[in-house]
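Working notes, structure below.
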Amino acid sequence: MVCEHLAPLEKALLEDGVRVTYRGQAWSKNCREWVYFDVILDIDAIMERFSLPSCVRFHENTDERSGLERGLECSVDSAEKAYGCFGGGGVEGLAWRMRESCWR
């Protein structure tokens, strides 16, 4: 389970049937529980809907060699270890905005 700040986002994605592609300690010891979903996340819409605190910040990896990712990470407990909710970083695939908006 991710932190209490990202849990509502995780729950919304799961309730919408978005497939989890990975859950666990991702690529380094700086990661706590990170969850990757099979979508591209609309970060602006998510930030607006969930009113996330300042400990939640945007993260994006655009290095195709190590894997594209785009999402949110939370360092509520420690600046050195973060929780995360991520989607893919490419332009293909489904874009998840919000239930009120639409699936693309």
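Any read-out appearing in this document is the output of simple, stated calculations on the displayed coordinates, not a laboratory observation. These numbers come from a predicted model, not from an experiment. Heads up, the Cβs are rebuilt from the backbone with ideal geometry, glycines too, and the neighbour counts pull from every protein chain shown.
Remarks
- Table column - 3J(HN,Hα) (Hz), region 2-19, Karplus curve with 6.51, -1.76, 1.60, x for Gly and Pro: 7, 5, 5, 7, 8, 4, x, 5, 4, 4, 4, 4, 5, 5, 7, x, 6, 6
- Put simply, the amide H of Ala82, placed in the peptide plane, has neighbours under 5 Å in Cys31, Arg32, leaving out anything fewer than 5 places away on its chain.
- Modelled label positions at Ala7 and Glu48, each set 7 Å beyond Cα in the direction of Cβ, lie 2.7 nm from each other.
- In a fully extended conformation the segment linking Arg57 and Glu15 would gain 12.8 nm over its present Cα-Cα distance, using 0.36 nm per residue.
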